[in-house]
Every structure is written in C-alpha cells, then in structure tokens.
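The values are calculated or read from the model by the stated rules, or taken from the named source; none is laboratory data. Keep in mind the model is a prediction, meaning the values are calculated, not measured. Cβ sites come from the backbone with ideal geometry, for glycine too, and all protein chains shown count toward neighbours. Note: areas computed on protein heavy atoms with side chains; ligands, DNA, RNA excluded. Shrake-Rupley method; radii C 1.70, N 1.55, O 1.52, S 1.80 Å.
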Amino acid sequence: MPFRTISETGEQYALLSFDKDGKERDNDPDGQAGLFSARLLNETKQHLPSDIFVFSHGWKGDITAAEDQYNRWIKAMLDLPVDRAAMGEKFKPLWIGLHWPSLPFGDEELAADSFDATGGGLSPTAVVETYLERLGLGEEARPLLETIVEANRRNAAALSLPPEAATAYQELAVLAGRKAGGPFSPPDEDGAPFDPDKAFDAGNAASIGTDFGGAGGFLGGILGPLRQLSYWTMKKRARSIGESGMHLFIAQLMNAAPVAKIHLMGHSFGCIVIASILGGPGAKEPLPRPVDSVALVQGAVSLWAFADTIPMAHGTGYFNPLFHHGAVRGPFLVTHSIHDRAVGILYPLACAAAFAEPSFGDSDLPKYGGIGTFGVCGFGKVVKQPMLMETEPYHFQAGNIHNLESSKFIAKGGGVSGAHSDIDGPQVAHALWQAAAASSKTGTATNTGGAA
C-alpha cells in the first residue's frame with residue numbers, strides 16, 4: 001500500500017512514486033485511475049493537516065531503499081518529543097516521501113575489482129544491461145556500451161583509454177544529450193565538456209589514495225567514465241522530474257490544503273529535486289505560494305547554483321530566481337561536511353572529469369563543487385553556523401540561507417554511500433524541526449535573497 005507505517009511509532013507517511021520521466025507510477029488500486037496522488041489530495045482536503053513535510057531521497061534506486069531512508073529520517077524526528085511539542089497544540093502533520101529512480105551505480109560496484117577481467121562483481125553482460133537501464137537511452141546505446149565493456153574485458157588494467165572505447169563514449173555522451181554550459185547553467189549542464197580521455201585519467205588519479213579502490217578501481221579504469229555519465233544522468237533526471245510531475249503535485253497539494261505549512265527536505269540528488277520543485281520549469285515558474293521551510297542535506301548540486309554573483313562567469317546561479325519570486329517564506333537550511341566523500345570527490349569528478357581548480361576568480365572556492373561540501377556560495381544573505389546538538393536552540397530567520405557546518409555529525413563513518421546517507425542522527429532531525437518551528441512565527445512571505 002502507498003501508506004507506510006514507521007515501526008515503533010504507529011505513525012504513517014505517504015510514499016508517492018515517479019518514473020524517470022517524472023510521471024507518477026500507477027500503484028494504488030484505491031486511487032483515481034490507479035494514481036495515489038488523487039487519493040492523497042482528497043484525504044488532505046478532508047483531514048486538513050497543519051503542516052506537510054515532503055522528503056526527496058537522493059542516491060537510491062528502488063522503493064525498498066527509499067522506504068528505509070524515510071523510515072529513519074521521520075523516525076529521527078519523532079524521537080524528539082520536545083521539538084514536536086514546540087510546534088504547538090494544533091500541530092497535525094502529514095508526512096510524504098517522494099520516490100524516483102536515482103541510483104547512478106550500485107554497492108556491488110564499489111569494490112576495486114568489480115568489473116575486472118576475472119569476472120568479479122557484475123558480468124560484462126550484466127554491466128551492459130544495468131547501464132542501458134540507468135542511462136535510459138534505449139537500444140541505440142547498446143552497441144556503444146558493448147564496445148566499452150568489451151574493451152574493459154580485454155584489458156581492465158589499461159594505462160590509457162582504448163580508441164574504440166573513447167569513440168563509443170563520445171557517441172554515448174551525444175546520445176545522452178550531455179551539455180556543458182558553465183556554472184550558471186542548469187544542474188545537468190553546469191560541468192565542463194565531456195572528454196573521455198581526461199575522464200579516464202582523472203578517474204585513475206582520483207582513485208589513488210581514496211577509499212573508492214585503487215587505480216583502475218571504482219573511479220578509474222575503462223568503466224570510470226561510464227559511472228561519470230551515469231552520475232550526470234541522475235542530476236538531469238532530478239531536475240526534470242522536479243520541474244515537471246513533482247512541481248505539479250506540490251502545487252496541487254497547496255491548493256488542497258491552502259492554510260497548511262509546507263516543509264521541503266532533500267538529500268544528495270534530492271536537493272536538485274527540491275530546488276526544481278520550488279522553481280518550476282526553467283526555475284522561473286514558482287509554486288502558487290511560498291513554502292515555509294527548506295532543508296538541503298548534503299546536496300549534490302553546485303555551490304554556485306543559488307548565487308547572486310558567480311566569479312568570472314557573468315551570471316547568476318540557475319536556481320537564484322526562485323528566491324526573488326519569494327519561493328521560501330521561512331528558513332532555508334543547507335548542511336555541508338568535509339567527511340562526505342560522495343559529494344567531495346564524486347561530484348567535482350563527474351562535473352569536470354578532473355578535480356576543480358584550487359580557486360575560481362577572486363574567491364578561494366572551486367569552480368566545480370557541491371553544496372554538501374561548501375554550502376551555498378555567492379549568495380548575499382548567507383549565515384554560516386555550526387550544526388548544534390539536539391538540545392541547543394537555533395535562531396533561524398526568514399530571508400537567510402543558513403549554511404550549517406555539519407562535519408561533527410554527518411558522514412563521519414567514511415566510505416561512499418553509507419556515510420553520505422548517514423543523516424538520520426538527532427542533530428539533523430532537530431535542525432529540521434527548528435526550521436519548521438521558526439517558519440510558524442513568520443508572518444507574510446519574504447523575499448529570500450539579494451537584490452531583485
């Protein structure tokens with residue numbers, strides 16, 4: 001059933017599932033035409049919640065994995081009764097988790113010898129089928145993938161990218177619509193031009209001395225650029241579904257519950273989803289009314305995506321207009337941690353096929369980096385502060401972005417997906433509660449941002 005019950009609590013949340021094109025999946029026999037959203041909107045009208053919390057996962061591919069995250073995130077919030085009580089006697093929440101296919105590579109691929117010539121990890125045939133599905137390019141991509149995988153089978157330890165693999169990668173990137181427009185472009189176009197040879201060399205260099213495997217391991221080797229293209233594909237998908245089906249659903253939800261406060265939270269690629277929901281198509285078609293709080297946790301989105309000014313780029317961040325549309329009424333939180341290697345290493349590698357320059361323009365910041373590492377940069381009203389213990393009060397204010405330095409609490413365990421997704425601690429839950437509570441004290445919609 002589309003409603004899930006969180007163990008040990010009796011509290012339910014709704015799980016709304018979309019496909020890779022942003023179309024809702026038919027998964028509710030009690031909904032209209034099988035659509036759960038219709039049923040959910042009707043029940044929202046009838047029960048009129050005071051607050052609606054909407055979550056978007058990031059690096060997860062199937063519903064079971066998404067459920068696990070939502071169970072842990074919401075349970076962490078429910079385990080803080082003092083914070084819940086601070087929402088007031090009339091607090092009546094509705095919890096909604098959004099699911100979308102977002103896995104750029106699986107845990108079975110994280111071993112250094114996953115795709116080596118000895119047959120470790122997935123078989124060559126399985127690699128082709130897996131990435132055919134992940135890239136979503138249809139049968140036209142099959143011979144290109146087979147060429148790449150065959151080159152890897154013949155010589156997984158190659159010191160340079162075989163010419164036939166490089167050519168196949170170039171054609172695959174064109175087929176995927178891979179674009180490079182600079183840091184002010186949409187999330188799926190804000191990287192450097194795709195160069196298979198540079199991607200191969202950078203992936204090998206990045207693999208050395210990291211916990212992603214040795215040279216030729218997870219980041220490197222002939223299949224390294226394939227993982228980079230998959231990572232980019234998920235960024236593109238996150239924007240597409242956020243701006244389309246999910247944006248429409250949140251707009252309908254606002255109309256169904258016109259006085260309910262809306263709180264949005266995204267993780268990893270899900271931060272692109274949430275920002276795209278807020279901005280709508282092209283980041284220029286806002287929702288019917290402002291949301292009440294936003295939390296972007298360990299975001300795999302550019303540090304310049306929300307900027308008023310981008311050094312040397314002669315433009316603003318792609319998502320900057322949503323602030324000038326008054327898209328957020330209350331606090332806007334962003335967490336970042338130096339321990340999060342999934343954002344700190346994979347993000348710049350996938351964007352630039354090389355590690356970013358040590359500085360960009362007159363700043364000390366890189367051209368390519370994620371907000372999960374650096375927070376939001378280039379924005380006029382940013383408050384820098386540490387993430388606090390669950391017993392300490394915040395003083396969040398509408399009109400500001402709050403960059404929470406969270407290295408003390410997030411991604412301390414090392415590794416790739418495990419640490420990156422380790423965000424269900426009480427400190428993170430407390431920050432979400434405090435943002436929601438602060439929004440209840442805000443009167444009218446505010447213009448979160450710099451000069452219009």
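Take the Cβ-Cβ distance between Lys92 and Glu133 as r, set R0 to 45 Å, and report the resulting FRET efficiency rounded to the nearest 0.05.
For Lys92 and Glu133, the calculated efficiency is 0.65.
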Practice problem: Determine the alpha carbon to alpha carbon distance for each of Lys236/Lys284; Lys179/Lys235; Lys179/Lys384; Lys75/Lys408 and list only those over 23 Å. | Solution: Lys179/Lys384
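Please arrange Lys90, Lys381, Lys23 by accessible surface area, largest first, computed with a 1.4 Å probe and ligands excluded.
Lys90, Lys23, Lys381
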Exercise. Could you work out how far apart the two model spin labels at Lys381 and Glu146 are, taking each label as a point 7 Å from the Cα in the direction of the beta carbon, and quote it in nm?
Key: 5.7 nm
Quiz item: Which entry in (i) 24.5; (ii) 20.4; (iii) 27.8 matches mean projected area of the Cα convex hull in nm² derived from the coordinates of this structure?
Solution: (ii)
Quiz item: Taking R0 as 51 Å, what's the FRET efficiency between Ala180 and Lys75 from their Cβ-Cβ distance, rounded to 0.05?
Solution: 0.80
Exercise. Report the one residue of Ser268, Phe379, Ala327 whose Cα lies farthest in the direction of the positive end of the charge dipole of the stretch 240-387 (charges on C-beta: Lys and Arg +1, Asp and Glu -1; origin at the Cα centre).
Key: Ala327
Self-check item: Inter-probe distance in nm under a simple model that places probes 7 Å from Cα toward Cβ, at Asp197 and Asp21
Solution: 3.9 nm
Quiz prompt | Top positive-direction residue, dipole computed over the chain with Cβ charges, set Gly22, Pro196, Asn255 | solution = Asn255
Quiz prompt | For the chain, share of DSSP beta bridges that run antiparallel, in % to the nearest 5 | solution = 15 percent
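For Lys408 and Val82, what is the calculated FRET efficiency with R₀ set at 22 Å and r taken between the beta-carbons, to the nearest 0.05? Please list the in-between numbers first.
On the way: r = 21 Å, r/R0 = 0.95.
The value I calculate is 0.60.
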Exercise. Can you pull the one-decimal nm distance between simple spin-label points at His314 and Ser123, each 7 Å off the Cα toward Cβ?
Key: 5.4 nm
Practice problem: Take the solvent-accessible surface of the protein heavy atoms, probe 1.4 Å, and return the percent of it on the chain that carbon and sulfur atoms account for. | Solution: 53 percent
Quiz item: Ranked by accessible surface with a 1.4 Å probe, highest first, in what order do Asp424, Asp190 come?
Solution: Asp424, Asp190
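Given a 1.4 Å probe, how much area per residue of the chain is accessible, in Å²?
Details: 17020 Å² over 452 residues.
Heavy-atom accessible area per residue stands at 38 Å².
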Quiz prompt | Within the chain, helix-based [θ] at 222 nm, where runs of 4 or more DSSP H residues each add -39,500 (n - 2.57), nearest 500 | solution = -10000 deg cm²/dmol
Quiz item: His47 label point, 7 Å along Cα→Cβ, cut-off 13 Å on backbone N: hits in the stretch 85-104?
Solution: 92-97
Practice problem: For the chain, give the magnitude of the charge dipole about the Cα centre (Cβ charges: +1 Lys/Arg, -1 Asp/Glu; no others), in debye to the nearest 20. | Solution: 1220 debye
Quiz item: When only the heavy atoms of the protein chains count and the probe is 1.4 Å, how do His402, His339 rank by accessible area, highest first?
Solution: His339, His402
